[in-house]
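**Q** Here you go, one structure.
The values are calculated or read from the model by the stated rules, or taken from the named source; none is laboratory data. Just so we're clear, the structure is a prediction, and the values are computed from it rather than from any experiment. Cβ atoms come from the backbone with ideal geometry, glycine included; neighbour counts cover every protein chain shown. We work out accessible area using only protein heavy atoms, side chains counted, and drop any ligands, DNA or RNA first. Shrake-Rupley method; radii C 1.70, N 1.55, O 1.52, S 1.80 Å.
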Amino acid sequence: MSEAEIKNLEEAFEARIERDEKIEPKDWMPEKYRQTHIRQMSQHAHSEIIGMLPEGNWISRAPSLRRKVALLAKVQDEGGHGLYLYSATETLGITRDELFEQLHSGKAKYSSIFNYPTLTWADIGAIGWLVDGAAIINQVPLCNTSFGPYARAMVRVCKEESFHQRQGYEIMVKLAKGAPEQKEMAQDALNRWWWPSLMMLGPTDNQSVHTAQSMKWKLKRKTNDELRQQFIDQTVPQAELIGLKVPDENLKWNDAKKGYDFGDIDWDEFWQVVKGHGPCNKERMTARVSAWENGQWVRDAAMAHAEKQAASLQKEVS
Ligand code: FAQ
């Protein structure tokens, strides 16, 4: 293709983005648009899959049958989101095996938040309330992202995340209104999950390498800092309502900006976790890789069964 032809295609593509049209997998797109979507969508998928581990840890220890059923459903939903997102990513011309290889070799990232331990039952409440809460704030704008399969996947994912957030908050409400030890447990979980939840929304806008381009392509509709502010403004009153204290001495309502001012985030901690040195990075990757390796016989059996079915179908036809 000549340079002039490519330029025409690029201009037509930018005009489509400008008109808020959805870009579909078979449409022409700049290579960088394709790659940046593979990066973000696959990291999102990996996060959903690894994100099952901290909560999965509590399925067998849920305090009642009702809590166990709800948690089981939630963790299954996260697995479904991962598979949904892998399928959407595959429409961009990369295979699932390649995506798994990137995760298992440590080449692809997954969300920093899933490298923290779940020490008590209150952590399950805090994850639903804070982590799913932050995920919804991040993902609602993605329902309107420019790449069609990602936008459509997000509509369904957000509906389920909203149930997750409520089940988490309900756990916190119960604990906060319970015995002093239960309230203490809820407060301790909030203390440990608050700052990592703020970090989860990504580096500050002046440190974020992808935001400017992703906003131009309408992959991202809001910046990391905008989402973080929205999360804080939404969550602080929820904590106050149940008598818990957000662990930030500098948190203060700012009437001029109609939002909260907040304290400094420890970005060194964030980058340490992203680089693989968080409290549970090794544990998470070991669990994931061994699940993959131990599941080899299931994949082999499924493939053998599919081949057998195809062969008998072929025989019937001929
Ligand atoms: N952790 O330039 P930016 C969930 C990386 S799903 C690790 O700002 P971008 C559901 C970033 O990749 C949670 N790495 O990047 C659930 C980049 O590195 P790269 C996941 C992070 O893409 C709940 C570098 O830093 N959600 O929770 C993180 O414009 C409960 C520079 O950053 C999504 O993935 C981080 N937190 O903005 C499941 C949503 N933040 O790739 C189970 C979709 C940044 O160049 C239980 N993703 N980095 O090597 C996004 O919206 C964006 O990708 C951001 C980052 C906002 C995460």
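**Q** Placing +1 at every Lys and Arg Cβ and -1 at every Asp and Glu Cβ, with all other atoms neutral, what dipole size does the stretch 74-126 have around its Cα centre, in debye to the nearest 20?
**A** For the stretch 74-126, the charge dipole is close to 120 debye.
**Q** Rounded to the nearest 20 Debye, what is the dipole magnitude of the stretch 253-296 about its Cα centre when Lys and Arg each give +1 and Asp and Glu each give -1 at the C-beta?
**A** 260
**Q** Skip the ligands, DNA and RNA, and give the accessible area per residue of the chain with a 1.4 Å probe, whole Å².
**A** 52
**Q** Please list the non-local residues whose amide H lies under 5 Å from the amide H of Phe147, H modeled 1.01 Å from N, same-chain partners needing a gap of 5 or more.
**A** Here the answer is Ile23, since their amide H atoms fall under 5 Å of that of Phe147.
**Q** Which whole-Hz ³J(HN,Hα) couplings does the stretch 275-286 yield from phi under the Karplus relation 6.51 cos²θ - 1.76 cosθ + 1.60, θ = phi - 60°, glycine and proline marked x?
**A** Using θ = phi - 60°, the values come out as 7, x, 10, x, x, 10, 3, 5, 4, 5, 5, 4 Hz.
**Q** Please list the non-local residues whose amide H lies under 5 Å from the amide H of Leu251, H modeled 1.01 Å from N, same-chain partners needing a gap of 5 or more.
**A** Sorted by chain and number, the residues that satisfy this are Gly263.
**Q** Which listed residue (Met303, Pro149, Ser105) has the Cα farthest towards the positive end of the charge dipole for the chain, taking +1 on Lys and Arg C-beta and -1 on Asp and Glu C-beta about the Cα centre?
**A** Ranked along the dipole, the leading option is Met303.
**Q** In terms of the Cα gyration tensor, with a ≥ b ≥ c the square roots of its eigenvalues, is the stretch 93-141 rounded because a/c is under 1.5, prolate because a/b exceeds b/c, or oblate?
**A** Since a/c reaches 1.5 but b/c is at least a/b, the shape of the stretch 93-141 is classed as oblate.
**Q** I've got another one for you. With viscosity set to 0.890 mPa s at 25 °C, what whole-number translational diffusion coefficient in µm²/s follows for the chain from Stokes-Einstein and a Kirkwood radius over Cα pairs?
**A** Result for D is 115 µm²/s.
**Q** Same structure, new question: Counting only helical runs of four or more DSSP H residues, what would the 222 nm mean residue ellipticity of the chain come to if each run contributes -39,500 (n - 2.57) and the total is spread over all its residues?
**A** Dividing the helical sum by the residues of the chain leaves -21000 deg cm²/dmol.
**Q** For a 31 Å ceiling on Cα separation, which of these pairs sit above it: Lys183/Lys275; Lys183/Lys220; Lys107/Lys222; Lys109/Lys252?
**A** Violating the 31 Å Cα-Cα cut-off are Lys183/Lys275; Lys183/Lys220; Lys109/Lys252.
**Q** Give the long-range amide H neighbours of Gly259: residues separated by 5 or more places, or on another chain, with amide H under 5 Å away, using H modelled in the peptide plane at 1.01 Å from N.
**A** HN-HN under 5 Å from Gly259: Asn254.
**Q** Given the convex hull over the Cα atoms of the stretch 155-209, what projected area results after averaging over all orientations, in nm²?
**A** Dividing the Cα hull surface by four gives the mean projection, 5.1 nm².
**Q** Right, something else. Dipole magnitude of the stretch 202-310 about its Cα centre, charges +1 at Lys/Arg Cβ and -1 at Asp/Glu Cβ only, in debye to the nearest 20?
**A** Approximately 620 debye in magnitude.
**Q** Please list, in order along the stretch 18-29, the HN-Hα scalar couplings obtained from phi with the Karplus expression 6.51 cos²θ - 1.76 cosθ + 1.60 (θ = phi - 60°), rounded to whole Hz, x for Gly and Pro.
**A** Per-residue couplings from phi come out as 4, 7, 6, 7, 7, 8, 10, x, 8, 6, 5, 8 Hz.
**Q** Using a 1.4 Å probe over the heavy atoms of the protein chains, calculate the carbon and sulfur portion of the accessible area of the stretch 196-318 as a whole percent.
**A** About 55 percent, which is the carbon plus sulfur part of the accessible surface.
**Q** Which log10 I(q)/I(0) values, to two decimals, does the stretch 16-129 give at q = 0.09, 0.10, 0.15, 0.18 Å⁻¹ under the Debye formula with one point per Cα?
**A** Results for the stretch 16-129 at q = 0.09, 0.10, 0.15, 0.18 Å⁻¹ read -0.32, -0.39, -0.74, -0.92.
**Q** Output ³J(HN,Hα) for the stretch 90-107: one whole-Hz value per residue in order, computed from phi by the Karplus curve 6.51 cos²θ - 1.76 cosθ + 1.60 with θ = phi - 60°, and x for Gly and Pro.
**A** 4, 5, 8, x, 10, 8, 5, 4, 5, 5, 5, 4, 4, 5, 5, 8, x, 6
**Q** Tell me, how many Å apart are the Cα centres for the stretch 68-123 and for the stretch 256-286?
**A** 18
**Q** For the stretch 63-128, which whole-number percentage of the solvent-accessible area (1.4 Å probe, protein heavy atoms only) is attributable to carbon and sulfur atoms?
**A** Answer for the stretch 63-128 is 61 percent, counting heavy atoms of protein chains only.
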